[in-house]
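See below for the structure under consideration.
The values are calculated or read from the model by the stated rules, or taken from the named source; none is laboratory data. What you see is a predicted model, and the numbers here were worked out from it, not measured in a lab. Cβ sites come from the backbone with ideal geometry, for glycine too, and all protein chains shown count toward neighbours.
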Amino acid sequence: MASDNTLELIGKVDEFMDLHYFMKDDELDEALSMVVKLIMKPEVPSAMAIPLIVKLQAIAAKLSLMATIYTTIHKGPSGSEAAQKKNVYYTAADSLNKVVDALKYSAKYNMV
């Protein structure tokens, strides 16, 4: 069973590479790297969780702003590259916010 999970993780990392080439965003790459590390080792000590929370929350804020930029300034027709990037930014920001919430909960209740 563990090998199945490993294969799924490798598949996700491969898809993240596709995302890397499409988006060309260093902070998104950094966030994806952190997410992969959390998938591989979700036990984060409280002391280490706090800087991770701040970093991921800052990246999520940047991604939200980028989504707004692609919604208003660099908008394009439905299906355009700009529209696709906007959707990726919105989804990534939302997902990172959920990861941050989980890390806050973990740090607060010292579950690790």
Practice prompt. Would you mind telling me which numbered condition in (1) modelled with pLDDT under 95; (2) of a type in the set (Ser, Thr, Tyr); (3) assigned to a helix (DSSP H, G or I) SER78 fails?
Written response: (3)
Worksheet entry | Qualifying positions in the stretch 55-82 - buried (at least 16 other Cβ atoms within 10 Å of the Cβ), among the hydrophobic types (A, V, I, L, M, F, W, C) and over 14 Å from LYS24 (Cβ atoms) | LEU56, ILE59, ALA60, ALA67
Discussion item. I'd like the full set of residues that are under 10 Å from ALA49 (Cβ atoms) and either among the basic types (Lys, Arg) or modelled with pLDDT under 85 (or both), limited to the stretch 97-110.
Written reply: LYS104, LYS108, ASN110
Worksheet entry | Of the criteria (1) part of a helix (DSSP H, G or I); (2) under 22 Å from ASP26 (Cα atoms); (3) not acidic (Asp, Glu), which one TYR105 fails | (2)
Discussion item. Six or more apart or on different chains, Cβ atoms under 7 Å: show the pairs whose first residue is in the stretch 93-108 and among the basic types (Lys, Arg) and whose second is modelled with pLDDT of 95 or more.
Written reply: LYS104/ILE53
Worksheet item: Restricted to the stretch 22-70, and to residues that are among the β-branched types (Val, Ile, Thr) and modelled with pLDDT of 95 or more, which residue is farthest from LEU103 (Cα to Cα)?
Response: ILE69
Worksheet entry | Residue check, ALA107 surrounded by 14 or more Cβ atoms within 10 Å (Cβ to Cβ), within 18 Å of PHE22 (Cα to Cα) and of a type in the set (Gly, Ala, Ser) | no
Worksheet item: Which residue, of ILE50, ILE59, is aliphatic (A, V, I, L, M), over 12 Å from the mean Cα position of the chain (by Cα) and either under 22 Å from ASP18 (Cα atoms) or assigned to a helix (DSSP H, G or I) (or both)?
Response: ILE50
Discussion item. One residue is enough: does the stretch 64-73 have a residue meeting the conditions closer than 20 Å to LYS108 by Cα, out of contact with any Cys (no Cβ under 8 Å at 6 or more places or on another chain) and not in a helix (DSSP H, G or I)?
Written reply: no
